[in-house]
1. For a quick check: with amide H placed at 1.01 Å from N, whose amide H comes under 5 Å from residue 130's, ignoring anything fewer than 5 positions away on the same chain?
2. What does the extension gain come out to for residue 694 and residue 341, with contour length at 0.36 nm per residue minus their alpha carbon separation?
3. By how many degrees, 0 to 90 and rounded to 10, does the Cα axis of helix 279-288 deviate from the longest principal axis of the chain?
4. To the nearest 10 degrees, how steeply does helix 600-619 sit against the main Cα axis of the chain, on a 0 to 90 scale?
5. To the nearest 0.05, what FRET efficiency results for residue 557 and residue 405 with a Förster distance of 35 Å applied to their C-beta separation?
6. In whole Hz and in residue order, list the ³J(HN,Hα) couplings for the range 62-67 that follow from phi through the Karplus curve 6.51 cos²θ - 1.76 cosθ + 1.60, θ = phi - 60°; x for Gly and Pro.
7. With a probe of 1.4 Å, find how much accessible area the chain has per residue, and write the answer as a whole number in Å².
8. Based on the Cβ-Cβ distance of residue 870 and residue 736, what FRET efficiency does E = 1/(1 + (r/R0)^6) give at R0 = 41 Å, to the nearest 0.05?
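The values are calculated or read from the model by the stated rules, or taken from the named source; none is laboratory data. Bear in mind the structure is a predicted one, so any value in this text is a computation, not a measurement. Here the Cβ positions follow ideal geometry from the backbone for every residue, glycine too, while neighbour counts run over all protein chains shown. Just the protein is used for accessible areas: all its heavy atoms, side chains included, with ligands, DNA and RNA removed. Shrake-Rupley method; radii C 1.70, N 1.55, O 1.52, S 1.80 Å.
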Amino acid sequence: MVHKQLNNELDCLARDYLHPESTSSDFRNCLSRITEIMVEQFDCDKNVSELLHARSNCIDLLLSYLWQRHLQNYQDQLTLVAVGGYGRGELHPFSDVDLLIITPDRKSGFEENIQTFITCLWDCGLDIGHSVRTVKECVIHSKSDITIATNLMESRCIFGDESLFEKMKIATGPNKVWTSKEFFEAKCYEQEARHIKFQKTSHALEPNLKKSPGTLRDIQLVGWVAKRHFNVQSLEELVALGFLTQSEFDSLSECEEFLWKVRFALHVVANRAEDRLLFDHQKPIAEMLCFKDDEHLSDVEMLMRKYYRVVKTIRELNDMLLQHFSETILGNDTDHRIIILDDDFQIHGTQIEIRQLDVFKKNPSCLLKLFIHIADHPELKGVRAPTLRQIINDRELINNDAFRAQGINKKLFIELFRHPNGMKRAFVLMKRYGVLKAYLPAYDQIVGQMQYDLFHIYTVDEHTLFLISNLSQFSEEQSKIDFPLCAKVIAKIEHKELLFLGALFHDIGKGQGGNHSVIGAKIAADFCRDHFLNETDSELVTWLVSNHLVMSMTAQRKDITDPEIIHQFAQTVTSTVRLNYLYLLTVADIRATSPNLWNSWKDSLLQNLYQMTYIALDRGLENPRKADEAIDDVKTKIMTIMRERRIPTNNIEKIWSQFKDDYFIRNTAERIAWQIRRIIHHNKPGPVISLYRYPDSGATEVFVYMPKHPQYFTLITTLLAEKNLSIQDASLHSTTHGYTLGSFVILEADGKPISSERRIQSIKKMLRKNLKNPSSNYRLLKKSVPHRYTHFDVKTNIKFSTSENGKRTLMELVTLDRPGLLAKIGKAFYELNIELHSAKVVTLGEKVEDIFSITNSAEKPLSTDDEKRQLKKLINHYLETESKEIKH
């Protein structure tokens, strides 16, 4: 059907458009109709390659006609050549059309005609890239630019003097420029540079279909290096030559076909040439490619899961085939020293290899044993290509229950986790080469599993790999500088394999519906039982998986200065042993979620929670710290600090007599001492405003002490937002004499510390200027929501609960992140006469999950449903009004 309808259109084009009276407008209409037919003929269940080749044929016909119209007098002297994707006959709906015009020399008088021809192509609506060169110039440029040499290698003659084209092909061939070895090395360098540009990850949220690691360019590179060496025109010809096996060719072809379909759909959805799979386009592309929501995954998640699995396969084959080409065909491997390890394995130079090609077929356990050898020899650089090919061919031999039931295989798998080097290169290679997912079916479920949000920027399997790598690095010398507490704690861990197993299973329940921690804990428990871990070790691994989010949630969402919160968390942990494991897992987990998620403020929160919980556990859960005791301890420490600074104690006692007990419970002695000093030394009219940069956390605290004002919180959060600052934490305390003490912990919008003293002074000056007259009509901040956030349907959800001590109401807000959000919430509090005591700000990509500790005007919890309903209605009103403004 595709061929028939497109051929009919070609006949129509020849009959109705290709005649002397045709105009550029006619040709443009013709091309638009061809594109429409391509879209109409697209079928997600059929190969798209026919459409790509058909469009290329259409362009050939149009260019040939226009070439004759504008250059008929020079047809025997010039040659029109297709290069790039057009040279391969692969044109998507809006692909560039790259051309080379070969001339016999530079003095033949046809330059004006060529320019007229190119202008006509642009007028027709084609996106043209072109060059005009002699054969000699083609040689010069191909010698200096590997990309040009590559384009010429895949060029084809469209019209004109074919002998001139053949001269160019011979002159730029491997016998003249870029020998096979030189070409290979240059293209590998080019690929490495390209991969670095994309952070070497195939799992970006918005990948580039042509250039990201594991995409079309990686398939093309395999073909380029092999075609240049063997002088063939297609990948399929490499099968007969023994460079590719039939299954490898089939895999590459299937992967290429899928990426072509996605790219075709991307062009249609974007209505332009586009290679970036942006959030804007993922939903409509998933629909166009017939992906449907299933019980647990959305259509977009299904699309991206397929994409990530495809690019993983491409990278795997790309690695193996390029290594095979280098070692076996070019003979680049010159180190042939052999060290025999056992009957099955040997070290060949700096790589490991099997001693016979049927090793894995005879003994599939060797697929696990291989990685023990790699762990035993950390100096190895990798696996030799023939062995890697056999791993890919034979790994399914271990993907069955009979293999997993054998004790020797269970022992080998656990041995890797217990090995001092097991979680380094050995584990990375086990994962990369697909052996891990073959042995562990539950892990296969999360391979390529993504979540459609901006918080989880890696697939679940990649995130898990980064997490295990982070844990492994805590034992290295550099961590004593970068993560001193983690380095100290991991030295106390006796059974690191339990920590790594907890990491392996912590997210393994994702994508299955329900609470992934509960599902993962069940999977982990079954694994531990099947692999003969004792009851104590099994309980620890299962507990870690079940509770892997608890420490992060406690540190970021609860007031960890409250002794009640620390006691509650300590009751969950129960022992310092569990605390050590959980702390390490939490730090590594946050750092592995996103490079931008971890910051010094989160680091300090977790360290403080760890240290306070350790003290509480050491003290004993049956003997929690009382509030009066905590207050007395803080006051004693404050006095000591003040005496050291020679500040009269009578001044201090006079000031803090106006403060309520809650202030001393929820602040450290160091913070209170600093704030009191600022108040004592303040001798100017207006509010006390001071900024302090914490050397340990990198965060900056903004302290504002001023007469109580109903819009205190709204004003300050608006002003800070205008300065493009991110508020991490806020606490407000009222005094007995009508003042408010407020502390706002801030970072730059990107989560980095404020590093400039000039920036600090600018913030202080701005606050002082605007807070002198807080009753002035200050307008709320109006900044647009980042465009990429608008693609996520984050429903606003507000829940109320009562604090642990029963004295406050906790309001949890989940909504789309937006500039000035806290100020809008503060405005709602002001209008309903709600007192805000603290705010914990948690930003998860495009979404926020903030916790507000509030009371009514009498400083009592919100006790009636009507109070809560009014507050919820007003907040929703402000946020919905803004959402409508955003859409318009």
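1. 99
2. 121.7 nm
3. 60 degrees
4. 50 degrees
5. 0.20
6. Rounded to whole hertz, the list is 5, 5, 4, 5, 5, 4.
7. Accessible area per residue, the chain: 44 Å².
8. Result of the calculation: an efficiency of 0.90.
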